[in-house]
Amino acid sequence: MLDESHVLDKVERRFIGFPSPTAPRIQAGGHPCQGIYWTPKGNPNPKVALIATHYNVDFTEHYIAPYFAARGYGFLGWNTRYRGFEDLFALEHALIDIGVGVDWLREQGVETLVILGNSGGGSLMGAYQAEAIAPTLDKDMEGPGAEVIANLGKADLYIALNAHQGRPEVLTAWMDASVVDEWDPVQTDESLNPFNPDNGPPYSDEFIARYRKAQRARNQKITDWAKAELKRVNDAGIPDRLFPLFRCWGDLRFMDPAIDPSERKPQHCYRGYPPEANKSPSIGRFNMLKAWLSMWSLETSKCQGGGQLAKFDNPSLVVQGLGDAGVFPSDAQALYDFLGCEDKQLEMVKGQHYFEDSVEERDAVADLMADWIAERA
């Protein structure tokens, strides 16, 4: 366990919870929008603050929060109504919930507001800023939510930290292309099995191209089924249904370090040894039909990085840890290339996905980001 007393001794934190314009407080007492606000000790209202949110993971106690607070910044680790409820996700309402946190920070006197898009939250926070710059989702909504999402509060700066390009992109890249039947976790097309030594590693260029094509086809096959199934159940008066997703630790880069070279451990993913991990749950393991179409589908999801980041007109920083086992240098380069702003910067640094093995690496990346913010605040 890392000794982080050097930052924890310098910070204070407080819990906050609010209803959302499209979701009330539940009867048991919980608010749909919740967070912990980390601030420098003795300064509860700093003028510069960050906000970080994820599609599903609880970010209230985000690992980098005390590092920023110890450097004089506020940090709101924020959750939407979908923390722990990824299977119910709807992008429009998630962005509205993020807006509650952004508005609260402005009410506390924050003058420079920084959106931090970390891990899977990168494309979510990117989508928020893009909608704040040029709203589009309001056209698909009715009621009070449409007006709210058309008037989201814009942040001043954006940082992508070890961020996936988007939810459909990362899931598709991780999909095992050798799955034969989505309802059967066992059946396998051995000609596409990434863990069959006859196929590699190392993998040939021909196999890589065929595998990636099959991954995209798997995503599209699920999308086609989800659209047809949604119509079928809707016609019967059923609003939605749940379905499982198997075998999504199949990115060839997990096994072959020669693809997208970095300092990551070979034959490793976030859950360990890929052939074994692939038998266990991954991202997207359960979905409602509407959640698949909103979050994971290459065809229909708006949780993709490229189109969102192209709208940016604010200074942006992309930071990538070279030891990351699930976000790769090409992902960081793609995010940088997507950004439409003129003031943009790409930094490759030492460390894994959450810099979980080294206080020194956490301090170094916090210094890098804090200094970048200070130059623009």
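Between region 268-311 and region 126-199, what's the alpha-carbon centroid distance in Å?
Spelled out, the Cα-based centre of one part sits 6 Å from the other.
Under 14 Å from the Cα of Lys221, which aspartates and glutamates turn up, not counting those fewer than eight places away in the same chain?
Those aspartates and glutamates meeting the cut-off are Asp176, Asp181, Glu182, Glu229, Glu299.
Carbon and sulfur together cover what percent of the accessible area of the chain at a 1.4 Å probe radius?
Ligands and nucleic acids excluded, carbon and sulfur reach 53 percent.
Any idea which of Ala177, Leu88, Thr112 is furthest toward the positive side of the dipole for region 82-182, if Lys and Arg beta-carbons carry +1 and Asp and Glu beta-carbons -1?
The one lying farthest along the dipole's positive direction is Thr112.
Excluding ligands, DNA and RNA, what is the solvent-accessible area per residue of the chain at a probe of 1.4 Å, expressed in Å²? Show your work: numbers first, answer last.
Numbers: 15430 Å² over 377 residues.
For the chain, the per-residue accessible area is 41 Å².
So what is the diffusion coefficient of region 226-377 in µm² per second by Stokes-Einstein at 10 °C and 1.306 mPa s, using a Kirkwood Rh over Cα pairs? It would help to have the intermediate numbers written out before the result.
Values: Rh = 18.2 Å.
Rounded to a whole number, D works out at 87 µm²/s.
Would you please state which residues of region 293-321 a label at Asp189 would reach in this model, taking the label point 7 Å out along Cα→Cβ and a backbone N cut-off of under 19 Å?
Hits in region 293-321 for Asp189 at 19 Å: 298-299.
Once the convex hull of the C-alpha atoms of region 1-131 is built, how many Å³ does it hold per residue, rounded to a whole number?
In region 1-131, the Cα convex hull volume per residue is 115 Å³.
Skipping prolines and chain starts, which residues have an amide H placed within reach, meaning under 5 Å, of the one on Val11, given they are 5 or more residues away or on another chain?
Lys41
Under 5 Å between amide hydrogens, which residues at least 5 positions from Cys341 or on another chain qualify, with H placed 1.01 Å from N in the peptide plane?
For Cys341, whose amide H was placed from the backbone, the distant partners under 5 Å are Phe312.
Testing the spin-label approximation: label points 7 Å from Cα along Cα→Cβ at Asp198 and Leu242. State their distance in nm.
The two pseudo-label positions are separated by 3.8 nm.
Arg25 accessible area, nearest 10 Å², 1.4 Å probe?
Its heavy atoms expose roughly 140 Å² to the probe.
Taking just the alpha carbons, could you work out the radius of gyration and Dmax for the chain, both in angstroms?
In Å, with Rg to one decimal and Dmax whole: 20.7, 62.
Under Stokes-Einstein, with the Kirkwood radius over Cα pairs standing in for Rh, what whole-number D in µm²/s applies to region 178-238 at 4 °C and 1.567 mPa s?
97 µm²/s
Convert each backbone phi in region 370-377 into a coupling constant with the Karplus relation 6.51 cos²θ - 1.76 cosθ + 1.60 (shift: θ = phi - 60°), then list the ³J(HN,Hα) values in order as whole Hz, x for Gly and Pro.
After applying 6.51 cos²θ - 1.76 cosθ + 1.60, I find 5, 5, 4, 5, 4, 5, 10, 6 Hz.
Using the Cα centre of the chain as the reference point, and only Cβ charges (+1 on K/R, -1 on D/E), how large is the resulting charge dipole? Debye, rounded to the nearest 20.
Once rounded to the nearest 20, the dipole reads 720 debye.
Pop out the Kirkwood hydrodynamic radius of region 57-96 from its pairwise C-alpha distances, inverse of mean 1/r, in Å to one decimal.
One over the average 1/r among Cα pairs gives 11.4 Å for region 57-96.
Rounded to two decimal places and with Rh computed the Kirkwood way over Cα pairs, what is Rg over Rh for region 316-364?
1.02
Which links in Lys139/Lys344; Lys213/Lys279; Lys47/Lys350; Lys139/Lys311; Lys302/Lys350 stretch past 24 Å when you go from one Cα to the other?
Going by Cα-Cα distance, Lys139/Lys344; Lys47/Lys350; Lys302/Lys350 fall outside the 24 Å limit.
The values are calculated or read from the model by the stated rules, or taken from the named source; none is laboratory data. Remember, it's a predicted structure, so these values are computed and weren't measured experimentally. Counting neighbours? That spans all protein chains shown, and the Cβs are built from the backbone with ideal geometry, glycine included. Please note that ligands, DNA and RNA were not included when accessible areas were found on the heavy atoms of the full protein model with its side chains. Shrake-Rupley method; radii C 1.70, N 1.55, O 1.52, S 1.80 Å.
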